[in-house]
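Values in this text are rule-based calculations from the coordinates and carry no lab data. Predicted, not measured: the structure shown is a model, and the values here were computed from it. When we count neighbours, we look across all protein chains shown, and the Cβ atoms used for this are built from the backbone with ideal geometry, even at glycine.
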Amino acid sequence: MPVDVAPSDPLLRTLREVFGHPGFRPGQEDAARAAFAGRDALVVMPTGAGKSLTYQLPALCRHDLTLVVSPLVSLMRDQVDQLNARVMTPHPDGSRGTRFPSPPAALLSGQQDPSENYATLERAVAGDVRLLYVAPERFGSAAFLDRIRHARVGLFVVDEAHCVSQWGHDFRPDYFRLADAARWLDVPSILAATATATPQVAADIERRLHLRDPVHVRTGFDRPALSFVVRRCSGRVERRGRLLTALKEPDALPAIVYAGTRDNADRLAVELGAELGVEAVAYHAGLDRERRDAAQRQFMSGDVPLVCATNAFGMGVDKADVRTVVHDSAPPSIEAWYQEAGRAGRDGEPARAILLADGRDKGLHRYFIERTELDDRTLDRIAGAIVHGSVEHRFDLGLAELGVGPGDAETARAVFGHLTQAGMVQPAPGPPDRVRGRLLGPYDARVRQEVQQLAEQAQQQRWAQYRALWSFVESEQCRRRAVLRHFGDPAAGGGADGEAPSVPCCNACVPLLLPEADAATARGDGRSRSASAKAAAERARAGRPLPPGDRTAVDTSILEVIRDAQPPIGRTRVAEILRGGRSQKLLTGGYDGLPGYARHADLRAADMLQRVDALLQSGAIISSGGPYPVLSLAVDGETLDLQDVA
């Protein structure tokens, strides 16, 4: 007959009986005991370290309600299902136990029927639920707030707490109201949990949530079983060759490939599946919910070993045996990359996190940051539309009614968040293409100035994240130590304070950690040869002119580079940029950040120069002449019919 070794300790007893763990992992006990005792806590633990247990365990041992705020419905649903399955599993004698006669965890979601949400909320108020998961937008509902205040809420959990910080990589304005909501509910204890918080972000979380003398739990960010490869490629041909080489390794699957865009996720799923001879699925927000759920189930069950996805995939996905995570394009920040990279090797077995970046990523990052620059006219237009569109101090407006197009949706959401922080509006739940809520005050000079300051701070943070990421990508230093320094972790993967890596550290320490793509793969020969790479190889051998269709694409790229390059450049530099050159002058001038950088890395320099000369002859571009001639667009260069250029 088993002996209960901790009959007087409810946390240890529940840890063993419900979760099946003989003891705590590092950091878990301090956080769980703080929450159980009614203390505030700030928990910073890397992906896969067991953050959810730090609040689920004390919630099951308390006799009040724990509210868990999380940004993703899929993440909440997975945690609710998994926890209820653990708790409600029959004991060997067939009984379910007496502490939890019904499932203790529940979820409120806009994807559920309103009657189901109503019944769930009533169960929580009646004391039949121990953990209630809600999205941050739920606190914009007056009906929810009015009802939940009748529940005995003892613990308020803010999961993915970096979303509350403007300095975090996934800032969400809906998190602003959480501190006020928790205090309005008179909650004794707040626990904030995140996997990716620099010291600056952690301090901002503590300040914004008004944590009172919190217990700080910071377990360190190192993942000793994970090898890091960060490579700046010369262009898409090299990147695809290295991606295939990495995934062809015998121990590379299961794997997640982060594709950057929806189109690239779809394309990679088809191409990599064919190249590797395995089934691969795509996952992104453009797929309907049924297809996304099916793709996730197939990957989680092991039926499909490869998923190609955008960043919509992964948060809350707890698949322990992922051996490789590859980023086929650079994410916007080190925090975003490291959170996604941490989905490899959660079982403690050797795994790899590979980041393949190129100059096009850098140019796109700059482009998107510059697009988020907020001008006064846009601010006045959006704020004015909210004021004029409010009826009895309530509004429900689409993007068109705010005076912005679909391409400026992020700008509209950012302005709405700043107006929230400035106290002019209070958001309400709604779809991403609409803004809903209450008008709390006028759009006056104070609000305008505060929003301008907030927008400037946000822009500075985006540039800081940009500089940190590309300094990391282009550095030759140890990748592990660089990440740990970024997060303020004193351990350096082998120092006195850290656990030595159990695998080869990174490609800076072990240069051949990622094998070079063989010549056939890099050129596009054999099974992995793409049509464009094959054509380039044939052109290099035969030396014949480019086909007309290819000439148009190359000519367009040349015009874009000449238009975007500052200071202006000559014909040789144009060819070098488009081929992904790495000369000191090119890098010092920042030309590797242009959107066209390395776009035609598979072409010969002679091919590129021939097209530059053809454009000069046609009058599409003009040379300044002199000893150091530079190029510029003709007045009508951008509207020229390039099919007419010889």
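Evaluated at 37 °C with a viscosity of 0.692 mPa s, what Stokes-Einstein diffusion coefficient in µm²/s does the range 143-223 have when Rh comes from the Kirkwood expression over alpha-carbon pairs?
Result for D is 244 µm²/s.
Of all the C-alpha pairs in the range 569-611, what % are more than 14 Å from each other?
Of all Cα-Cα distances in the range 569-611, 37 percent exceed 14 Å.
P(r) for the range 244-374, please, calculated from all Cα pair distances in 10 Å bins and given in %.
Per 10 Å bin, starting at 0, the Cα pair percentages come out as 13, 45, 32, 9, 1.
Once you have the Cα-Cα distance between Glu249 and Ala37, take 0.36 nm times their residue separation minus that, and quote the gain in nm to one decimal.
In short, 71.4 nm is gained.
Report the number of Lys pairs in the chain whose alpha-carbons are under 28 Å apart, with separation of 8 or more residues or on distinct chains.
6
Just need the relative contact order of the range 396-464 here, percent rounded to a whole number, with Cα pairs under 8 Å and 6+ apart.
30 percent.
Quick check for you: which residues of the range 107-123 have the amide N under 19 Å from the point 7 Å beyond the Cα of Met88 toward its beta carbon?
Correct set: 107-109, 112-113, 115-123.
Can you tell me the orientation of helix 359-371 relative to the chain, as the angle in degrees between its alpha-carbon axis and the longest Cα principal axis, to the nearest 10?
Approximately 70 degrees, to the nearest 10.
The range 128-169: D in µm²/s via Stokes-Einstein (Kirkwood Rh, Cα pairs, 4 °C, 1.567 mPa s)?
The estimated diffusion coefficient comes to 106 µm²/s.
Grab the eigenvalues of the alpha-carbon gyration tensor for the chain, scale each by 5, take roots, and send me the semi-axes largest first in whole angstrom.
That gives 48, 32, 22 Å for the three semi-axes.
Relative contact order (percent) for the range 319-417, with alpha-carbon contacts under 8 angstrom and 6 or more residues of separation?
22 percent
With an 8 Å Cα cut-off and a minimum separation of 6 or more residues, compute the relative contact order for the chain in percent.
Once normalised by length, the contact order is 13 percent.
Relative to the Cα centre, what is the charge dipole magnitude of the chain, using +1 at the beta carbon of each Lys and Arg, -1 at the beta carbon of each Asp and Glu, and rounding to the nearest 20 debye?
The calculated dipole for the chain is roughly 740 debye.
Search the structure for amide H atoms under 5 Å from the amide H of Val153, placed 1.01 Å from N in the peptide plane, and list their residues when 5 or more places away or on another chain.
Leu65
What percentages, rounded to whole numbers, describe P(r) for the range 286-327 computed over all alpha carbon pairs with 5 Å bin width beginning at zero?
Calculated over all Cα pairs of the range 286-327, the distribution is 5, 19, 37, 28, 9, 2 percent.
If each residue of separation counts as 0.36 nm, what is the full-extension length gain between Tyr118 and Arg13 once their alpha-carbon separation is subtracted?
Stretched fully, the Tyr118-Arg13 segment lengthens by 34.5 nm.
Ordered by residue, what ³J(HN,Hα) values in Hz, to whole numbers, does the range 465-471 give under the Karplus form 6.51 cos²θ - 1.76 cosθ + 1.60, where θ = phi - 60° and Gly and Pro are x?
5, 4, 5, 5, 5, 6, 5
Where Rh denotes the Kirkwood radius from the mean inverse Cα pair distance, what is Rg over Rh for the range 397-483?
Computed over Cα atoms, the ratio is 1.15.
Sorted by packing (mean other beta-carbon atoms within 10 Å per residue), highest first, where do 10-19, 230-239 land?
Top of the packing list down: 230-239, 10-19.
I'd like the FRET efficiency for Ala285 and Phe368, computed as 1/(1 + (r/R0)^6) with the beta carbon distance as r and R0 of 22 Å, rounded to 0.05.
The formula returns an efficiency of 0.80 here.
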